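These notes are about the structure you will find just below.
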Amino acid sequence: MVAIDVDHVTRIYQKYSAQHRFKTFKSAIVKGNFFKSLRPDELVSALDNVSFKVEKGITFGVIGENGSGKSTLLKVITGIAKPTSGSVSVEGKISALIELGAGFHPEISGRENIFINGIMLGLSKKEITEKFDAIVRFAELEEFIDAPVKTYSSGMHMRLGFSIAINVNPDVLLIDEVLAVGDASFVPKCLDRIDDFRRRKKTILFVSHDLSTVEKICDRVIWLKHGKIQTMGEPKRVVDAYLQDIAEKQEEEFERRQQEVDKEESFEEERRENRWGKREIEIKKVRLKDMEGQEKHVYSPDEGMVIEMDISAYSQIKDFVFGIGIFNPKGICCYGTNTQLEEFAAQSIEGEGRVVCRIEKIGLINGTYYLDVAVHKKDGYPYDYHRNLDSFLVSSPRKDVGISRPEHSWEFSSGIKIKKTR
Amino acid sequence: MGRLFKNLVDLYKYRVLIQNLVSRELKARYRGTVLGFFWSFFNPLLLLIVYTVVFGFIIMPRDPSFESSPWMYALFLFCGLLPWQVWFVASSLESANVLIIQGNLIKKILFPVEILPVVVVASNFVHFLFGLPILLIFVPILGGHYTPYLLLLPVVILVQFVFTLGFSFFVSSLTVHFRDIKDILANLLTFWFFATPIIYPMTFHTVEKSSLLKTLLNLNPMTHIMQGYQYCIFYGELFRWKRLGITLILSLVLLFVGYLIFDRLRDSFPEEV
């Protein structure tokens with residue numbers, strides 16, 4: 001059984017410029033051809049020939065970057081927006097958690113708003129009366145239900161909206177990134193309710209940027225990119241492909257930024273602030289690479305990283321130590337080491353050379369990191385010290401906290417029932 | 001055409017929603033005021049007092065139909081002023097804004113947009129109904145008489161309802177694309193007010209003398225609606241039923257065309273408001 005059938009849907013948005021508007025107004029009046037002259041001057045296709053079917057009873061995830069057409073897709077499915085071409089059919093009553101409490105009137109009480117909102121969502125007065133207490137209880141608004149909605153906090157507003165929408169008891173539930181605004185106690189309650197829907201074999205379409213939740217609760221996922229379906233299928237595979245794509249994009253972004261920074265910092269003044277030493281030995285260039293030797297700035301925590309330094313010594317020097325340091329944006333040293341600490345005894349260096357530090361597994365949590373590299377004497381006298389020379393990004397769907405991520409695993413005795421979701 | 005008909009049937013289906021939205025509008029309008037609902041009575045009363053003082057006592061029109069009495073003139077004035085100002089003007093101005101103000105409903109939830117102009121016209125109609133008893137109470141006080149023709153008032157009200165609704169559909173849908181209409185409309189309504197026999201009767205000497213003026217006034221559909229009220233309440237005579245009938249047909253055409261335009265532009269509302 002198919003609950004939602006999206007068949008070759010294209011949705012084109014029209015952009016009108018101010019100048020165009022004036023022209024149309026003029027020609028509409030002068031020539032009297034309203035519909036012809038209301039033509040737009042630019043077209044943007046938010047959905048481009050999208051087709052998929054959602055079977056009854058499954059939880060279907062939609063992921064994608066901002067502006068990839070997710071919200072348009074939901075609007076087309078609810079019927080708020082009409083597809084420019086193609087068709088959509090939905091089996092059963094549909095309820096959308098898109099904009100919670102969109103229809104609330106600020107001047108009247110929560111009680112009256114529940115009734116009007118419920119009617120807008122397709123309930124009869126009788127049904128609302130029956131469900132009224134449940135709605136209020138779920139929203140935790142017993143004390144405030146007779147106060148005008150304008151006096152509600154945004155959290156209360158959202159809770160009431162969620163509570164009404166979820167109590168409509170739909171066959172198909174559309175959820176668009178609404179859990180982002182709830183507080184710590186309300187969000188689990190909502191997720192519980194969504195779980196409850198899944199157990200009752202209702203169809204859910206779930207749009208979210210929270211990839212770990214998507215992976216956890218969805219049976220199938222599609223990834224939209226620029227209005228087209230990029231991949232569709234098993235959650236883990238799609239989410240991974242999406243993450244891969246994001247990493248590539250971040251990489252590009254990073255490089256672009258890096259270039260800008262390079263341009264800005266070509267001033268010798270600024271350079272000097274982050275670099276000191278007389279440069280008897282000079283670190284000429286530093287490259288960050290992955291284990292395959294590909295230059296890269298975005299890593300997953302399980303990946304390895306190679307730091308390559310091109311060195312040049314202008315005379316024969318016998319006392320030297322190479323070091324690296326990794327800092328997070330707060331300035332906390334996440335890791336630092338040098339050849340002396342690792343018990344290398346320097347003998348001599350002269351001319352060009354290359355130093356490579358291989359980190360088998362980065363083992364850091366999500367975030368941006370800055371790299372310091374240095375070459376100095378054993379007593380600390382710097383030859384060449386670069387502060388914040390380079391930066392890199394660790395990107396992970398996990399939300400673990402702290403500074404580093406030691407390798408670890410979990411074990412449970414047989415009495416504990418627990419399951420891995422990813 | 002089939003779709004148009006289906007939408008009209010839907011409109012009936014949404015009557016509960018319309019009912020609720022109208023009562024919401026009414027409740028919300030006076031929420032927080034000390035006098036609350038009484039404003040629905042006071043507003044027309046104050047309107048009457050202002051116009052009576054200015055036109056009845058300061059300008060003092062001499063016309064046989066008022067027997068030169070400022071009180072009779074006040075009654076005449078009130079017959080047109082109440083449906084015009086409280087119902088027609090309020091509905092027109094509000095419907096120019098309604099789609100934009102209620103943009104949230106259009107953009108964010110599946111909502112039958114066409115009920116918004118209906119709600120505007122209906123809620124102002126309720127205000128008009130609140131003012132109507134004030135008008136009727138003042139009939140004997142200001143020197144008029146109740147006649148059986150008063151019972152024909154619902155016919156006139158019906159014609160105005162159709163006309164106002166058609167105009168509201170027209171205005172509300174076009175304003176979404178041409179915001180300038182809002183400002184044009186305010187001025188247009190002032191002009192229209194004076195181009196309708198509300199503060200002067202059709203029998204006024206300057207109108208009587210110029211056949212051009214008379215023809216122009218007769219071409220204005222609001223003339224016949226306002227005269228309808230004046231005949232029922234002020235003159236106590238049968239209204240010119242042929243003219244009112246033509247006005248009704250015209251109003252139906254306006255409603256049809258207004259709704260047609262509204263329907264054609266409907267899909268563009270979510271992205272334009």
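How about segment B:35-78: which chymotrypsin sites (Phe, Trp or Tyr not before Pro) there are in a DSSP loop, with at most 13 other Cβ atoms within 10 Å of their Cβ? Don't skip to the end; give the middle numbers.
On the way: sites: B:PHE37, B:PHE38, B:TRP39, B:PHE41, B:PHE42, B:TYR51, B:PHE55, B:PHE57, B:PHE66, B:TRP71, B:TYR73, B:PHE76, B:PHE78; in loops: B:PHE37.
Here the chymotrypsin sites (Phe, Trp or Tyr not before Pro) that fit, given the DSSP loop and packing criteria, are B:PHE37.
Say the cut-off is 28 Å between C-alpha atoms; which of A:LYS75/A:LYS189; A:LYS399/B:LYS107; A:LYS53/A:LYS236; A:LYS216/A:LYS296 go over it?
Pairs exceeding 28 Å: A:LYS399/B:LYS107; A:LYS216/A:LYS296.
If I take every Cα pair under 8 Å that is 6 or more residues apart in chain A, average their sequence separation and divide by the length, what percent do I get for the relative contact order?
Values: 778 pairs, mean separation 58.5, N = 422.
Relative contact order for chain A comes out at 14 percent.
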Practice task
Please list the non-local residues whose amide H lies under 5 Å from the amide H of A:TYR335, H modeled 1.01 Å from N, same-chain partners needing a gap of 5 or more.
Solution key: A:ILE326
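Taking 0.36 nm per residue of separation and subtracting the Cα-Cα distance, what length does fully extending A:ASN274 through A:ARG358 add? Walk me through the numbers on the way to the answer.
Numbers: separation 84, 0.36 × 84 = 30.24 nm, distance 2.42 nm.
Stretched out fully, the A:ASN274 to A:ARG358 stretch lengthens by 27.8 nm.
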Problem - C-alpha long axis of helix B:153-177 to longest principal axis of chain B, angle in ° - result: 50
Handout entry: Computed magnitude of the charge dipole of segment A:278-394 (debye, nearest 20; Cβ of K, R +1, Cβ of D, E -1)
Key = 300
Problem - Residue among B:LEU189, B:VAL16, B:SER168 farthest towards the positive dipole end of chain B, charges placed on Cβ - result: B:VAL16
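Counting other Cβ atoms within 10 Å, which trypsin sites (Lys or Arg not before Pro) in segment A:112-146 have at most 13 and lie in a DSSP loop?
none
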Fill in the blank from the handout: Computed for the protein assembly as shown: size of charge dipole around the Cα centre, +1 on C-beta of each Lys and Arg, -1 on C-beta of each Asp and Glu, debye to nearest 20, value 2900
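How big is the C-alpha Rg of segment B:207-273 next to the rule-of-thumb value 2.2 N^0.38 Å, as a ratio?
Working: Rg = 17.2 Å, N = 67, 2.2 N^0.38 = 10.9 Å.
It is 1.58.
Under 1.5 on a/c is rounded, so check that first for the protein assembly as shown, then, if it is not, pick prolate when a/b is larger than b/c and oblate when it is not; a ≥ b ≥ c are the square roots of the alpha carbon gyration tensor eigenvalues.
Numbers: a/c = 3.02, a/b = 2.42, b/c = 1.25.
Prolate shape, in that a/c is at least 1.5 and a/b is the bigger ratio.
What percent antiparallel are the DSSP beta bridges of the protein assembly as shown, to the nearest 5? Each step should come with its number before you reach the end.
Details: 64 of 83 bridges.
So the antiparallel bridges in the protein assembly as shown amount to around 75 percent.
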Problem - Between 0 and 90°, nearest 10: helix B:2-13 axis offset from chain B longest Cα axis - result: 70
Handout entry: Theoretical ellipticity at 222 nm over chain A - DSSP helices of four or more residues, -39500 (n - 2.57) apiece, nearest 500
Key = -9000 deg cm²/dmol
Exercise for the section: When a/c is below 1.5 the answer is rounded, else prolate if a/b is larger than b/c, else oblate, so apply that to segment A:46-91 with a ≥ b ≥ c taken from the square roots of the Cα gyration tensor eigenvalues. Expected result: oblate
Problem - Rounded to the nearest 20 debye, dipole of segment B:2-272 from Cβ charges on Lys, Arg, Asp, Glu - result: 440
Practice task
Quick one: grab the alpha carbon gyration tensor of segment B:120-234, order the square roots of its eigenvalues as a ≥ b ≥ c, and give me rounded if a/c is under 1.5, else prolate or oblate depending on whether a/b is larger than b/c.
Solution key: oblate
Handout entry: Sites A:THR213 and A:GLU295, calculated FRET efficiency, Cβ-Cβ separation with R0 45 Å, nearest 0.05
Key = 0.85
Handout entry: Cβ-based charge dipole, segment A:278-394, positive-most Cα from A:TYR335, A:MET305, A:PRO382
Key = A:PRO382
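Starting from the Cα-Cα distance between B:LEU189 and B:LEU8, subtract it from 0.36 nm times their residue separation and give me the gain in nm to one decimal. Provide the component values of the computation, followed by the final result.
Working: separation 181, 0.36 × 181 = 65.16 nm, distance 2.82 nm.
The span from B:LEU189 to B:LEU8 would gain 62.3 nm if fully extended.
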Completion exercise
For A:ILE58, the residues 5 or more places away or on another chain with a placed amide H closer than 5 Å to its own amide H are A:ILE204
Handout entry: A:LYS125 paired with A:GLU411, simple spin-label distance in nm, labels 7 Å along Cα-to-beta-carbon
Key = 6.7
Practice task
State the answer as a single residue: which of A:LEU211, A:VAL76, A:PHE197 lies farthest towards the positive end of the charge dipole of chain A, with beta carbon charges of +1 for Lys and Arg and -1 for Asp and Glu, about the Cα centre.
Solution key: A:VAL76
Handout entry: Pairwise centroid distance, computed over Cα atoms, of segment A:87-114 with segment B:136-212, Å
Key = 38
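Only the coordinates and a few stated rules stand behind these numbers; no lab work does. The structure displayed is predicted, hence computed values, not measured ones. Cβ sites come from the backbone with ideal geometry, for glycine too, and all protein chains shown count toward neighbours.
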